[in-house]
Amino acid sequence: MNNTKGIIFDLDGVIVDTAKFHYLAWRKMANDLGFDITLEQNEQLKGVSRVHSLQQILGWGNKTVTEEEFEQLMSSKNEDYLAKIAHMDEGDLLPGVKKVLDYLTEKNIPFALGSASKNARPILKGLKIEHRFEGIVDGNDVTKAKPNPEVFLIAAETLGMAPEDCIVMEDSVAGVEAANLAGMISIGIGDKEILKEADHNFSDFTEVDIEFIEKIVRK
Ligand code: B16
Ligand code: MG
């Protein structure tokens, strides 16, 4: 039996800085429709599924579109986003992430992915870390988006761990809420003021030291 807890990583904004590319792609779409979205508004889109992000953005711009146009906007935003992240490789891991993943692997501490993104697998492949996750749960595997805890509960199953034995690393308000609702330990990566509901906070992974990980994974 494993005597450590498990870790569930969010992807965008935690392992890799794709958040800025989501923003640029949504912003371009909004601009094409005749309005703009701010960085503050973008905070509310982090961790939020593609469908819900578009609904939210169209609401901000007071735009109504047909179902067909909605699908078209989602797919052109995604194409634009994929073009922006096409050349990602190991060098795009956010600072400090590799050190933590290496430590977890060395100590046999299991970890999984719990991401809202439907593009998670190709991104992990590009980063060359796909094989290191015990389980990968992404936007293709869930029916309910964050802040619903479904993605993290399935990720806990892939780890064979009870929710209270899982620690979630998240950069979004919706994701921290999902982790808390799942009964997991939540760690906010990013602005402490924004992620104030998290159990622990760090600005980024360079601040997360090995002693902290050692302590928090202990059962
Ligand atoms: P996609 P995460 C989330 O990923 C992003 O934070 C969010 O901005 C994005 O809209 C969502 O994935 C869906 O992404 O369009 O690639 O399916 O942070 O949960 O890893
Ligand atoms: Mg995220």
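The values are calculated or read from the model by the stated rules, or taken from the named source; none is laboratory data. What you see is a predicted model; the values in this text were computed from it and never measured. Neighbour counts run over all protein chains shown; Cβ positions are idealised from the backbone, glycine included. Side chains are part of the model used for accessible areas, which takes the heavy atoms of the whole protein and leaves out ligands, DNA and RNA. Shrake-Rupley method; radii C 1.70, N 1.55, O 1.52, S 1.80 Å.
Quick look at the numbers
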quantity: Residue in the range 63-73 that is in a helix (DSSP H, G or I), closer than 28 Å to V217 by Cα and either touching a helix residue (DSSP H, G or I) at 6+ places or on another chain (Cβ under 7 Å) or within 16 Å of ligand 2 (Cβ to nearest atom) (or both) present; calculated: no
quantity: Residue within the range 21-42 that is within 16 Å of ligand 2 (Cβ to nearest atom), within 26 Å of N180 (Cβ to Cβ), of a type in the set (A, V, I, L, M) and not in a helix (DSSP H, G or I) present; calculated: no
quantity: The range 166-193, subset away from ligand 2 (no atom under 12 Å from the Cβ) and either in the same structural domain as L39 (by TED's automatic domain parsing) or assigned to a loop (DSSP other than H, G, I, E, B) (or both), residue farthest from L101 (Cα to Cα); calculated: E193
quantity: Test for I154: is it away from ligand 2 (no atom under 16 Å from the Cβ), of a type in the set (V, I, T) and in contact with a strand residue (DSSP E or B) (Cβ under 6 Å, 6 or more places away or on another chain); calculated: yes
quantity: Check on L58, of a type outside the set (G, A, S), within 15 Å of ligand 2 (Cβ to nearest atom) and outside the structural domain of G183 (by TED's automatic domain parsing); calculated: no
quantity: Residues of the range 168-197 that turn out to be away from ligand 1 (no atom under 12 Å from the Cβ) and open to solvent by 40 Å² or more (accessible area, probe 1.4 Å), as a count; calculated: 10
quantity: Top-ranked residue of the range 1-11 - restricted to ones that are at pLDDT 95 or above and either in contact with a His (Cβ under 9 Å, 6 or more places away or on another chain) or away from ligand 2 (no atom under 16 Å from the Cβ) (or both), ranked as least open to solvent (accessible area, probe 1.4 Å); calculated: G6
quantity: Odd one out for N78 among (1) within 11 Å of ligand 1 (Cβ to nearest atom); (2) surrounded by 20 or more Cβ atoms within 10 Å (Cβ to Cβ); calculated: (2)
quantity: Search result, residues across the range 83-108 that are open to solvent by 10 Å² or more (accessible area, probe 1.4 Å), under 21 Å from G160 (Cβ atoms) and either touching a His at 6+ places or on another chain (Cβ under 6 Å) or not hydroxyl-bearing (S, T, Y) (or both); calculated: E106, K107, N108
